[in-house]
Amino acid sequence: MTQRLPIDEAAALLESELKGEQQTFTDLDTEDAWLAFLRFGRRLFDVADTADADGLLFQYGIYSFDGPATFTLDLARQFEIADSDGNHDHYVQVHCELRYGPAPALQALGSFHSWFFHGAGDNLDEWAEELSARAAWTTIRPLRPTDIKVYQEQV
């Protein structure tokens, strides 16, 4: 049986996947970040045995979360946390936000989001291929983010 990782190690594991052999994110491009996120997404964590307890989110758009509006590609993983009775209590989300400089081509993409859930019986590789086949990916993929932020939050 595969040992499942504790959720409190998720953010550090994502950072480790992103950095690889590097000390910082400075040389990371969008494709590198996506592949690191998929490696992270294949790791199994200790979550409840429900269809939506462990999900991956791919979303992009123009957002102003903590500053001026900028095009952001947010690669996130969401874990459901249950209370002592096994009922939903809250979610923990681990984000890898890639922010980009102003570019009309990025603004023209609008916004988009897509979820994958490990417990829903879907195939992670198929989900990733569908996203990589989107026309928007052709625009985003070759770009180098101006900022990469990894963080964890409770929602």
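The values are calculated or read from the model by the stated rules, or taken from the named source; none is laboratory data. Predicted model only: the values in this text are computed from it and were never measured. Note that each Cβ is placed from the backbone with ideal geometry, even for glycine, and that neighbours are counted across all protein chains shown.
Failed condition for PHE40, given (1) of a type in the set (Phe, Trp, Tyr); (2) more than 21 Å from ARG134 (Cβ to Cβ); (3) touching a helix residue (DSSP H, G or I) at 6+ places or on another chain (Cβ under 9 Å), with all others met?
Among (1) of a type in the set (Phe, Trp, Tyr); (2) more than 21 Å from ARG134 (Cβ to Cβ); (3) touching a helix residue (DSSP H, G or I) at 6+ places or on another chain (Cβ under 9 Å), PHE40 violates only (2).
Applying the selection to the range 111-155, what residues are assigned to a loop (DSSP other than H, G, I, E, B), over 17 Å from LEU98 (Cβ atoms) and not β-branched (Val, Ile, Thr)?
The answer is GLY121, ASP122, ASN123, ALA133.
Check GLY61, GLY67, GLY110 and return the single one that is over 27 Å from ARG4 (Cβ atoms), touching a strand residue (DSSP E or B) at 6+ places or on another chain (Cβ under 8 Å) and loosely packed, with under 12 Cβ neighbours inside 10 Å.
None of the other options fit; the residue is GLY110.
Counting just the residues of the range 70-87 that are among the hydrophobic types (A, V, I, L, M, F, W, C) and more than 22 Å from LEU44 (Cα to Cα), which one comes out surrounded by the fewest Cβ atoms within 10 Å (Cβ to Cβ)?
Residue satisfying both the conditions and the ranking: PHE71.
Quick one: would you say GLY121 is over 24 Å from ASP54 (Cβ atoms) and over 16 Å from the mean Cα position of the chain (by Cα)?
Considered against the rule, which asks whether it is over 24 Å from ASP54 (Cβ atoms) and over 16 Å from the mean Cα position of the chain (by Cα), GLY121 comes out as no.
Right, GLY101: crowded, with 16+ Cβ neighbours inside 10 Å and over 18 Å from GLN152 (Cβ atoms) or not?
The answer is no for GLY101.
Working only within the range 16-34, note down all residues that are of a type in the set (S, T, N, Q), at pLDDT 90 or above and surrounded by fewer than 17 Cβ atoms within 10 Å (Cβ to Cβ).
SER16
How many residues does the range 75-108 hold that are touching a Leu at 6+ places or on another chain (Cβ under 7 Å) and among the charged types (D, E, K, R)?
Residues in the range 75-108 being touching a Leu at 6+ places or on another chain (Cβ under 7 Å) and among the charged types (D, E, K, R): 1 in total.
Quick one: in the range 35-66, which of the residues that are among the charged types (D, E, K, R) and more than 20 Å from LYS149 (Cβ to Cβ) is modelled with the lowest pLDDT?
Only one residue tops the list, namely ASP49.
Any idea how many residues of the range 6-37 are touching a residue at least 12 places away in the same chain (Cβ under 8 Å), under 20 Å from TYR100 (Cβ atoms) and of a type in the set (A, V, I, L, M, F, W, C)?
Selection size over the range 6-37: 8.
Inspect the range 52-61 for any residue being under 24 Å from HIS118 (Cβ atoms), touching a helix residue (DSSP H, G or I) at 6+ places or on another chain (Cβ under 9 Å) and free of Cβ contacts under 8 Å to residues at least 60 places away in the same chain and give the result as yes or no.
Within the range 52-61, none of the residues are under 24 Å from HIS118 (Cβ atoms), touching a helix residue (DSSP H, G or I) at 6+ places or on another chain (Cβ under 9 Å) and free of Cβ contacts under 8 Å to residues at least 60 places away in the same chain.
What number of residues in the range 67-103 are at pLDDT below 90 and outside any loop (DSSP other than H, G, I, E, B)?
Here the count works out to 3.
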